[in-house]
Amino acid sequence: MTHHPAPAIVLSTLNAKYIHASLGLRYLMANMGDLAPRTVLQEFTTSRPTQEVVDALLALQPRIVGFGVYIWNVRQTTAVVRALKAARPELMVVLGGPEVSHEWEDQPIVQLADHVITGWGDVSFPALCRALLHGPRPLMKVIAGVQPPLDSIALPYDQYSDADLAHRVLYVEASRGCPFTCEFCLSALDKTARAFDLDHFLAAMEGLHRRGARTFKFVDRTFNLKVDTSVRILQFFLDRLTPDLFLHFEVVPDHLPDRLKAMLVQFPPGVLQLEIGIQSFNPQVQQRIARRQDNAKTVANLDWLVHHTHAHLHTDLIFGLPGETLESFAAGFDQLHARGPHEIQLGVLKRLRGAPIARHTAEHGMRYDPEPPYTVLQTDAVDADTVQRFTRLARYWDLVANSGRFPATLVLVLQGPSAFAAFLAFSDWLWRNHASTQGLTPEQLVDTLFAYLTTERGLDAEPVRAALLADYQASGARAMPQCLRGVLPHQPVVLRKRTMAQRQERHVPVSGAGTALVITS
């Protein structure tokens, strides 16, 4: 029997879900050089019990464990590191990632670890491992990561296994950084975007495609920044177009040159998703947070995308920005909703460690939860009750609107001069009657929507029932909501090959998946 020696180094992180494959860890693995044969990659999920993670890591008998630490996994990773050091004090723990790259002085996880690399880790992590294994050991606990030229970094895509290709979302990036300075985002610290060599990058994409990869989620903050690059990448995928291809890009909303439009119109339905960060339509708020956005161009581009392309448009708004009132947010929501994007993702502001948004804390009365993900609790423009009210609305909006299960019924819910006001009224009613944002099944939602529209709103029962029936059948659900008994066939309806709700699930964003901008351990 072949004996495999224990690895000296384990690269690990806790992903939000199994389907997420850590791009940051694979960059490190690809750049370990002479240490690669002695390094293994071990991923877990945040829902995995701490002791199971610890047992799995200790079973490998490593000398060094490097953890990628992010806003969504810092609490669970802290528990793992604490247990690891208790079980094996001599085990060397190295941290990296956005969460420990800024304001690290008082973090419990930093106090538990042996070393921290802030910023880029592609070169600095392997160098630290060599020093820890062979000496001399660094005197400094916190090491500033070296930012090498991009063409000196080995690309990570060969590190995706066949199992990754078959079962997980593949994250890729043609560039790093961002030239914009939106203060809520860590990319505001980058000052510029740097592109990988395009020929080299496309060769790597060809390798993934040849191995069977068909889902590519680009984590570039500004995919459409340089039109020459965008056009070449889109042409690469057009040349390999198949029904199972799925592409995700994050685009700047007010920059859509004609050459880019000419490419976008060529993609058929179901292939292209564009994530479009609007965040706020309030010019004063935009200026306050250093967000440069031409609102008129943004609206015109959204209209064009809706009416001339088959792209799935996933748009983003942030509640709780400094100086943004509920009324001004509602006006922005209504303006965006009128454009007709497929999704409006409603986020609540989070104070990322190191993000420049912190400079507004005193002036605008910003209070944040001290625990991750550091969500804003109140501002001088919205009190704590209003933030809670909005948080409930956002959850219900995901269930009813972003789920894709209720397109016909949603039209009835949103009737009135303000779509936001209409949905807020529904959200308030739902909270009063259920006192929960969790555990509502699709069947319960059908009955709840029926009750709200026919009693609270006073709409005729038959048109409401007809809308709910159409939505319910199209979603592929098979149970029997109370309000549809007698009109819903007892035999399951013959469904389309891919229902709207199933299709929508493919587009719903994954927590934190696109935020690995600081590629570290």
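Positive end of the dipole of region 13-108, charges at C-beta (+1 Lys, Arg; -1 Asp, Glu), about the Cα centre: which of ALA79, TYR18, GLY97 has its Cα farthest in that direction?
Result: TYR18.
Specify the angular offset, from 0 to 90 degrees and rounded to the nearest 10, of the alpha carbon long axis of helix 461-475 from the longest principal axis of the alpha carbons in the chain.
Around 30 degrees separate the two axes.
Specify the angular offset, from 0 to 90 degrees and rounded to the nearest 10, of the alpha carbon long axis of helix 295-308 from the longest principal axis of the alpha carbons in the chain.
On a 0 to 90 degree scale, this one is about 80.
Alpha carbon centre of region 347-392 versus region 218-293: separation in Å?
Region 347-392 and region 218-293 have Cα centres spaced 29 Å from each other.
Round to the nearest 10 and give me the degree value, 0 to 90, for the angle of helix 198-210's Cα axis relative to the longest principal axis of the chain.
With rounding to tens, the tilt is 70 degrees.
If you roll a 1.4 Å probe over region 323-377 with all protein chains in place, what percent of the accessible area is carbon or sulfur?
After summing per-atom areas, the C and S share lands at 53 percent.
When the convex hull of the C-alpha atoms of region 327-448 is computed, what volume per residue in Å³ does it have?
127
Across the Cα atoms of the chain, what radius of gyration and what greatest pairwise Cα-Cα distance (Dmax) are found, in Å?
Spelled out, the Cα radius of gyration and Dmax of the chain are 24.3, 79 Å.
Any idea what the dipole of region 359-460 comes to, in debye rounded to 20, about its Cα centre with Lys/Arg Cβ at +1 and Asp/Glu Cβ at -1?
Value, rounded to 20: 120 debye.
In deg cm²/dmol, rounded to 500, what helix-only [θ] at 222 nm does the chain give when every DSSP H run of at least 4 residues adds -39500 (n - 2.57) and the total is split over its residues?
-10500 deg cm²/dmol, from helical runs alone.
With no solvent and one equal point scatterer placed on each C-alpha of region 1-104, evaluate the Debye formula and give log10 I(q)/I(0) for q = 0.24 Å⁻¹, two decimals.
Rounded to two decimals, the profile gives -1.47.
So, with +1 on the Cβ of K and R and -1 on the Cβ of D and E, and no other charges, what is the size of the charge dipole of the chain about its Cα centre, to the nearest 20 debye?
With Lys and Arg at +1 and Asp and Glu at -1, about 780 debye.
Apply the Karplus curve 6.51 cos²θ - 1.76 cosθ + 1.60, θ = phi - 60°, to the phi angles in region 311-325 and return the couplings in whole Hz, x for Gly and Pro.
These are the phi-based 3J(HN,Hα) values: 5, 7, 9, 10, 10, 10, 10, 10, 9, x, 5, x, x, 7, 8 Hz.
Classify region 173-272: rounded, prolate or oblate, from the alpha-carbon gyration tensor (a ≥ b ≥ c, eigenvalue square roots; a/c under 1.5 rounded; otherwise prolate if a/b is larger than b/c)?
The shape class here is prolate.
In whole percent, what relative contact order does the chain give with Cα contacts below 8 Å and a gap of six or more residues?
14
Taking LYS17 as the anchor, which aspartates and glutamates have their alpha carbon closer than 19 Å to its alpha carbon, excluding any fewer than eight residues away along the same chain?
By straight Cα distance, LYS17 reaches GLU43, GLU52, GLU99, ASP162, ASP164, ASP398, GLU505.
Provide the solvent-accessible area of MET140, counting protein heavy atoms only and rolling a 1.4 Å probe, rounded to the nearest 10 Å².
Number for this one is 130 Å².
Starting from the Cα-Cα distance between MET140 and ALA330, subtract it from 0.36 nm times their residue separation and give me the gain in nm to one decimal.
63.5 nm
Cα convex hull of region 153-200: mean projected area in nm², to one decimal?
Averaged projected area of region 153-200's Cα convex hull equals 4.7 nm².
What order do you get for 147-158, 403-414 when each peptide is scored by the mean count of other beta carbon atoms within 10 Å, highest first?
Ranking the peptides 147-158, 403-414 by packing returns 403-414, 147-158.
From the residues PHE319, TYR368, THR50, which one has its Cα farthest along the dipole of the chain in the positive direction, the dipole being from +1 and -1 charges on Cβ of Lys/Arg and Asp/Glu about the Cα centre?
THR50
Can you compute the FRET efficiency between LYS261 and GLU90 using 1/(1 + (r/R0)^6), with r the Cβ-Cβ distance and R0 = 56 Å? Round to the nearest 0.05.
The calculated FRET efficiency here is 0.40.
Any idea what log10 I(q)/I(0) is at q = 0.20, 0.31 Å⁻¹ for region 110-152, Debye with uniform C-alpha scatterers and no solvent?
Each listed q maps to, in turn, -0.63, -1.16.
State the percent of C-alpha pairs, over all pairs in region 77-198, separated by a distance greater than 17 angstrom.
The calculated P(r) of region 77-198 puts 68 percent of pairs beyond 17 Å.
Would you please calculate the Kirkwood hydrodynamic radius of region 237-391 over all C-alpha pairs and express it in Å, rounded to one decimal?
It works out to 16.9 Å.
According to a simple spin-label model (label point 7 Å from Cα along Cα-to-Cβ), what is the distance in nm between ASP55 and ASP294?
Rounded to a tenth, the inter-label distance reads 6.0 nm.
Which translational diffusion coefficient, to the nearest whole µm²/s, is obtained for region 319-376 from the Stokes-Einstein equation, given a Kirkwood hydrodynamic radius over C-alpha pairs, 10 °C and 1.306 mPa s?
D = 124 µm²/s.
Quick one: accessible area per residue over the chain, 1.4 Å probe, rounded to a whole number of Å²?
Using a 1.4 Å probe on heavy atoms only, each residue of the chain averages 43 Å².
Order HIS342, HIS115, HIS307 by their accessible area, 1.4 angstrom probe, all chains in place, largest first.
HIS307, HIS342, HIS115
Want the number for ALA166 to ALA362: 0.36 nm per residue separation, take away the alpha-carbon distance, what's left?
65.7 nm
Which one of GLN482, LEU449, ALA127 is farthest out on the positive end of the charge dipole of the chain, using unit charges on Cβ (Lys, Arg +1; Asp, Glu -1) and the Cα centre as origin?
Towards the positive end, the residue furthest out is ALA127.
Short version: ³J(HN,Hα) in whole Hz for each residue of region 102-109, in order, from phi by Karplus 6.51 cos²θ - 1.76 cosθ + 1.60 (θ = phi - 60°), x for Gly and Pro, what are they?
9, 6, 8, 4, 9, 7, x, 5
As a test of reading the structure, rank ARG240, ARG38 by solvent-accessible area (1.4 Å probe, protein chains only), most first.
The most accessible residue leads, giving ARG38, ARG240.
The values are calculated or read from the model by the stated rules, or taken from the named source; none is laboratory data. The structure displayed is predicted, hence computed values, not measured ones. We place every Cβ from the backbone using ideal geometry, glycine too, and count neighbours over all the protein chains shown. Side chains included, ligands, DNA and RNA excluded: accessible areas come from the protein's heavy atoms. Shrake-Rupley method; radii C 1.70, N 1.55, O 1.52, S 1.80 Å.
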